[in-house]
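Comments concern the structure below.
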6 protein chains.
Amino acid sequence: MTRFPAPEIKDLPDDIRARILEVQEKAGFVPNVFLALARRPAEWRAFFTYHDALMLKEEGSLTKGDREMIVTATSAVNHCLYCVVAHGALLRIYEKKPLVSDQVSINHRKADITPRQRAMLDFALKVCTDSHTVDESDFTALHAHGFSDEDIWDITAITAFFGLSNRMANVTGMMPNPEFYVMGRVPRNKG
Amino acid sequence: MTRFPAPEIKDLPDDIRARILEVQEKAGFVPNVFLALARRPAEWRAFFTYHDALMLKEEGSLTKGDREMIVTATSAVNHCLYCVVAHGALLRIYEKKPLVSDQVSINHRKADITPRQRAMLDFALKVCTDSHTVDESDFTALHAHGFSDEDIWDITAITAFFGLSNRMANVTGMMPNPEFYVMGRVPRNKG
Amino acid sequence: MTRFPAPEIKDLPDDIRARILEVQEKAGFVPNVFLALARRPAEWRAFFTYHDALMLKEEGSLTKGDREMIVTATSAVNHCLYCVVAHGALLRIYEKKPLVSDQVSINHRKADITPRQRAMLDFALKVCTDSHTVDESDFTALHAHGFSDEDIWDITAITAFFGLSNRMANVTGMMPNPEFYVMGRVPRNKG
Amino acid sequence: MTRFPAPEIKDLPDDIRARILEVQEKAGFVPNVFLALARRPAEWRAFFTYHDALMLKEEGSLTKGDREMIVTATSAVNHCLYCVVAHGALLRIYEKKPLVSDQVSINHRKADITPRQRAMLDFALKVCTDSHTVDESDFTALHAHGFSDEDIWDITAITAFFGLSNRMANVTGMMPNPEFYVMGRVPRNKG
Amino acid sequence: MTRFPAPEIKDLPDDIRARILEVQEKAGFVPNVFLALARRPAEWRAFFTYHDALMLKEEGSLTKGDREMIVTATSAVNHCLYCVVAHGALLRIYEKKPLVSDQVSINHRKADITPRQRAMLDFALKVCTDSHTVDESDFTALHAHGFSDEDIWDITAITAFFGLSNRMANVTGMMPNPEFYVMGRVPRNKG
Amino acid sequence: MTRFPAPEIKDLPDDIRARILEVQEKAGFVPNVFLALARRPAEWRAFFTYHDALMLKEEGSLTKGDREMIVTATSAVNHCLYCVVAHGALLRIYEKKPLVSDQVSINHRKADITPRQRAMLDFALKVCTDSHTVDESDFTALHAHGFSDEDIWDITAITAFFGLSNRMANVTGMMPNPEFYVMGRVPRNKG
C-alpha cells in the first residue's frame, strides 16, 4: 500500500472515524480495508453502505456463513489475498468450522459443506467468471435447493460487490492484517 | 427482467423517485438501471452514490469521455449488453465521435483514440480480467502517458464498479432502453 | 490499411472494377473490403466467388438475415471491427431490427431473436472456437429446430469463411466505412 | 463423412472431374478433400481457386515447404486431423525432412527448423488464435528475418484459408487418406 | 539436451547400465529418456520403478495398447514431443494400427478406436487438464464401459506419471530418437 | 477416499509399515498420503523414493523452504486441497513464516518472499501450466538470481512430481489431516 498511503484515523471525517473506532473496539484491530479506502471518503461511504446492505441485512435465507463463503470462494478465483484471508476468517467463525475456508478457497468441490452450499458456490463462481452465460437452468438448479429468486439476487450481488473489492485490493496492494490468518482456526483462550 | 420486476416510480421512496424524475427530465426517458435496481432501495442508494463518486467527481485528469470509454471497453469484455449500449451512447456524446463506441467495444486496438487512451484501456482491461497480475510495470506504463497514481486509482475503481454492474445486469437480464442504441450516432434535430 | 495500400479503382482488372462499380452503384459507396483485397486480383476473385456461393445462394433454409447474423456473432468473437460493423449493418437491414446487431455481437443470449436463431448461433460460435469438438449431439440439437444437414453445412461454411475474412481484416487493419455504423439504425428519409 | 456423402467422380462437372483426375494421376490417389467438397461445385471451385492462389503462386519469398509448414502448425492448433496429416505429408516431402511434420505439429519450438521459420510460425499461430492483437511489433519481428509486408500477407492468408479448411473438415468429419500418414517418412522404392 | 548432457553408458551405476543395455538389446537403440534422466541416478531409479509399476503390471483391464493410448493423448495436450513420438510408436505396435497414434494425438474424437477407449481418453484428458473437477459423474461414465475403480486409478496414475515425464522432457529439451517416428507405420521386413 | 479405502497399517508390507511408523513417531500422526497410496505397494515405493530423491537431497541451492514453497504454489494452481494444506504447513515451519503459505497459494506476487523466490515461483508456475513454452529466456532469468542449471532441474522436477501427486489426490479424493491446517501458524506450546 505504499503508493496509496492510508490516512491517519485522527484526520478522517467524523462519520468514518466513528465507524472505524467501532470496528476496532469490536475486533481488537482495524481491518486494513477500512483505512486503505478512507483516502477517498466519498468512495469509502459508498463502499461500506453497499457492504452493509448486502452483508448485514436480515432478509433472505442466506446465513452470514453462507455470505462469507461466497466471498471467500469467489475472491480465491480472483486471487485476492486480502479478501480470501479476511473473509476466510469470518467464514471460519460464522460456520464454526476451522477448516472450511481453506477447503472452499482451494477447491470448493472437496469442502465439507452442505449440498445447498455447494450449489450456491457453483452459481457464485459462474457469476464471478462467466456471468453472461447465466440462464434459466441456473435458476432452476438453485430453486431445487430452496433458494428463492431474491436469494439468487443476493448471491449475485455479493459476488459482484466483492469482485469490485478484489480488484481494488489487487491493484492497490492491500494486505490482510496478520490477525486474520489465524482467527477462527484455534479455540479462543477463555478466562 | 421478468424474474425481478421493476417497481412503479410512484411507489418508490422519495429520494429515489426524485433522482429518477430528474434523470427522466434531463434524458427524456428513464434508463432501465434506475428502475431495475430500485427494487432494493438500500442497494440502489449505495450503487448510485458509488457511481456518482466515480463518474461525476471533478478531481483528476480523466475526462468524462475517458471514463465512459473505460466502462464501454470493460463491459464488452464482460459481455454486458446493458452497459455497452448505454455507456457506449454516453461515450459517443462526450467524445463527440459517433464511431468510437463500436470501435472500443469490438477491438480497442483499432479504435480512433489517443495513445493515452489506448494505454488507459490496456490497463483497464487487465484490471477487468487479471487484476492479480498488476504490478509496477503497469504503473510505469501509465505514468509515461501522464497518468498519476490517483488517476490509476480512478481507472481501477471505474473498472471494478462497472464489473459489479455488469454482473448484476447479466444475471437479472437488464435490457438497455432502445433510445441508447442510436444516441450520439446521428446529429440531433435542431429546431 | 497503410501497410497494404488499396489500389485505385481505375487501375483494377476489368472484372473486378465492374463488380466494384456495381456495388458502389447499389450501396452508394464502396465497402473497403472490395478495395483492400483488390491488391491481389487472384485472391480477390476467389474470395468473392466463395462469398457469393455462400451468401447469395438460393438453396437451403437460412434466410439472408440468418446468414448475416452468423457473420456478426462469430466476427464479434474474433474481434473483427470491419465485419461486425459492416455485416451488423446488413443484419439490421435484412432482419428489419435496428437493435439486433448490437445484441448479437455483445451477447447473443440476450438478443431478441427466435429460439431457432439462438440454436444456430450457439452452433456457429462452437464452430468458430472449438470446431474439433463438434459431434452428433450438435447435429441433433439443430435438427430439433428444423435445420437439415445441408443447413448445418451452410452454418459451418459461413462461419469458416468469415473466420478467414476476420483474420485478413485484423492483420491488414481494414477499417469499416463510416456509412456502415449507422445503416439500418434509423428510418430512411423518404422523399 | 457419412452425413455428407462424397459424389462419384463420374457424376461431377467436367472442370472438377478433370482437376480431380489430374491430381489422381499425379499423386496416385484422390485426396479426400477433393471429393468431400465436390458435393457443392460452386464452393469447390472457390475453395481450390483460393488454394491455388495462395499455395501455387510464384511470387514472394515463402517456399512451398514454408507454406506447408504454416498449414501443418496452425491446423494442429485447430485439431484438424485431415490437414495435419495431409499437409504434414507435403511438408515432409518439400522440406525433405521426414521428422519435421511431427515436430511442428506437436511443439514447433522444439522443431529442427530455421530461426526464420520459427518466427514465421510464431506469427502464424498468433494469427490463428489471436489475430485481433497483431500489431506493429509483429511486423517488426518478421522484418528482422527478412520477411516483407507481402510475405506477411501471405502468412496471414495461408493461415486464414486453412482455418476455413480446418473448420469444414472438423464438422464434416473429413478423414485423411491412409496414404498421407506415411508419405515422406521413408525413402521411396525405386525400380 | 545441451544444457543437461547425458552421461556415457559406461560411466553409469551397474543397475542402470544393465537396464539400459537390456533395452538396447531389445529395441535396437537406447531411447533418449533412459540416458537423459541417468544424470541423476536416484531420480532415474524412482522414475523407472514408477513407470514399470504402471506400464508393466499384469493386473487390471487396461491393455498395453490402452496404456500407450493414454500416454499419447495426454502428452499431446502437454505438447511433449518426446512422449508423443516415442509412445505413439509403441501405441501403433501394440494396437497394430499404423494410423492410430496420429489420430489420437491430433483429435481423439476422430480416432478409429472403440467407444470404451474413447471414454477412457475423455477421462484421461480431464485428469490431465482439470483433475480438480473430477467427480462421481466421471466414475459413472467409466463404469458404464466396464472400467472398475481400480482401472480408473490406473488411468489416473498413468496420466499423472506421464504429466511428470512431459514436464521433464519439455524443460530439458529431450528429443525423441529418430527411430520412433516411423516405427509401427510400415510392415517390418521379414526374411 | 471412500472409493479407494486405505489399508490398515498392520496389513502393510514391512518396509512400508516401518516408514509410516517412523513418520507417525516424528509428526505425531500419519499424513493421509502415506496410507492412501499404500493400497498399491509398488506405486507407494516408487512415489516415496521419488519424493525423497527430490525433497530430502542435500545437493543444490534450494532450501527445504524453497522446495515446499514450489509445492504449495503449484499445487494451488492445480487446486489440490491435500498438497496445499499439507505442504503449506511444512512451508510455514521451514520458512518460520506463519503467513507465507496463504500468500503463496493465493497470489505469490503479493507474498513476503525474496526476489529470488519470486523468480523461482514464476518459473515453477510456467512449468506447471505451460512447460512446452519454456525457453532460453527462462534460464537466463533464473541465472540472474543465482540459480544453476541443476537448480532449474530441481525446480522442474519438484513441480512435475507434485503435479503427479496433485492429480492422484484430486481423483482419489485424498483429504488433508486436520493437523496440517494449523501447523506452523501459532507458536508451539513448550513445556
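The values are calculated or read from the model by the stated rules, or taken from the named source; none is laboratory data. Keep in mind that this is a model prediction, so the values were computed, not measured. Cβ atoms come from the backbone with ideal geometry, glycine included; neighbour counts cover every protein chain shown. Accessible surface areas use protein heavy atoms only, side chains included; no ligands, DNA or RNA. Shrake-Rupley method; radii C 1.70, N 1.55, O 1.52, S 1.80 Å.
Quick notes on this structure:
- Label-point spacing for B:Glu59 across the identical copies (point 7 Å from Cα in the Cβ direction), in nm and ascending order: 3.4, 5.9, 6.0, 6.8, 6.9.
- Among B:Thr49, B:Leu21, B:Pro7 the positive-end extreme of the charge dipole of region B:3-59 (Cβ point charges): B:Pro7
- Of the GluC sites (Glu not before Pro) in region D:6-56, the ones in a loop by DSSP (not H, G, I, E or B) with at most 16 other beta carbons within 10 Å are D:Glu8.
- Region A:47-116 versus region D:96-142: alpha-carbon centroid distance in Å: 45
- Relative to the current alpha-carbon distance between E:Val186 and E:Asp52, full extension at 0.36 nm per residue lengthens the span by 45.5 nm.
- For chain C, size of Cβ-based charge dipole, Lys and Arg +1, Asp and Glu -1, in debye: 880
- When the chymotrypsin sites (Phe, Trp or Tyr not before Pro) in region C:2-71 are filtered for DSSP coil states and for at most 15 other beta-carbon atoms within 10 Å of their beta-carbon, the remaining sites are C:Phe29.
- Karplus-based coupling profile of region B:2-18, in residue order and whole Hz: 5, 5, 10, x, 6, x, 6, 4, 5, 8, 7, x, 3, 5, 6, 4, 4, with θ = phi - 60° in 6.51 cos²θ - 1.76 cosθ + 1.60 and x standing for Gly or Pro.
- Annotation for the C:D interface, with buried accessible surface near 4000 Å², both sides summed [1.4 Å probe; non-protein components not counted].
- For D:Val30, no residue whose modelled amide H falls within less than 5 Å of its own remains once neighbours fewer than 5 places apart on the same chain are excluded.
- Judged by a Cβ-Cβ distance under 4.7 Å, the unpaired cysteines of chain D are D:Cys128.
- Residue of A:Pro98, A:Pro115, A:Pro176 that the Gaussian network model of chain A assigns the largest fluctuation, springs spanning Cα pairs under 10 Å: A:Pro115
- Relative contact order (%) - chain C, alpha-carbon pairs under 8 angstrom, separation at least six: 28
- Label geometry 7 Å along the beta-carbon vector: F:Ala42 inter-copy distances in nm: 2.5, 6.0, 6.3, 6.3, 7.2
- Highest-fluctuation residue, B:Ala86, B:Ala73, B:Ala36 considered, GNM on chain B with Cα pairs under 10 Å: B:Ala36
- Measuring nothing but how far apart in sequence close Cα pairs (under 8 Å, 6+ apart) lie, relative to its length, region F:66-157 scores a relative contact order of 26 percent.
- Placing +1 on each Lys and Arg Cβ and -1 on each Asp and Glu Cβ, with no other charges, gives region B:37-150 a dipole about its Cα centre of roughly 560 debye.
- Average accessible surface for region B:38-86: 29 Å² per residue, computed with a 1.4 Å probe over protein heavy atoms with every protein chain in place.
- Within the protein assembly as shown, helix-based [θ] at 222 nm, where runs of 4 or more DSSP H residues each add -39,500 (n - 2.57), nearest 500: -20500 deg cm²/dmol
- Loop-located trypsin sites (Lys or Arg not before Pro) in region F:69-130 (DSSP state not H, G, I, E or B) with no more than 15 neighbouring Cβ atoms inside 10 Å: F:Lys96.
- Averaging 1/r over each pair of different alpha-carbon atoms in chain F and inverting the result gives 17.3 Å, the Kirkwood hydrodynamic radius.
- Taking the label point 7 Å along Cα→Cβ, A:Gly146 and its counterparts in the other copies are spaced 4.5, 4.5, 5.8, 6.0, 7.4 nm apart, in ascending order.
- Inter-chain Cβ neighbour average for residues C:45-57, partner chain, 10 Å: 4
- Note on D:172-179: average number of Cβ atoms from other chains within 10 Å of each residue's Cβ is 3.
- Alpha carbon convex hull of region A:83-191, projected area averaged over orientations, nm²: 8.3
- Inter-chain Cβ neighbour average for residues F:107-113, partner chain, 10 Å: 5
- For the residue pairs B:Lys26/B:Lys97; C:Lys64/C:Lys126; A:Lys10/A:Lys96; E:Lys64/F:Lys64, alpha carbon separations beyond 28 Å are given by A:Lys10/A:Lys96; E:Lys64/F:Lys64.
- Region B:56-110, dipole about Cα centre (Lys/Arg Cβ +1, Asp/Glu Cβ -1), debye to the nearest 20: 160
- Shown in residue order for region E:60-67 are the 3J(HN,Hα) couplings computed by the Karplus curve 6.51 cos²θ - 1.76 cosθ + 1.60 at θ = phi - 60°: x, 9, 6, 6, 5, x, 4, 5 Hz (x for Gly and Pro).
- The rotation axis taking chain C to chain E passes closest to the C-beta of one chain C residue; that residue and the distance in whole Å read C:Asp130, 9.
- Centroid-to-centroid separation of region D:153-189 and region A:1-25 [C-alpha atoms, Å]: 65
- Over the protein assembly as shown, the Kirkwood radius and the radius of gyration, each from Cα atoms, give a ratio Rg/Rh of 0.97.
- Using R0 = 41 Å, the C-beta based FRET efficiency linking A:Glu179 and F:Glu8 works out to 0.45.
- Each label point was placed 7 Å from the Cα along the Cα-to-Cβ direction; for D:Asp112 and F:Phe29 their separation is 5.5 nm.
- For E:Val100, the shell of other residues with beta-carbons less than 15 Å away shows a net charge of +4, using +1 for Lys and Arg and -1 for Asp and Glu.
- Relative contact order (%) - criterion: Cα under 8 Å, at least six apart; region: region E:1-109: 18
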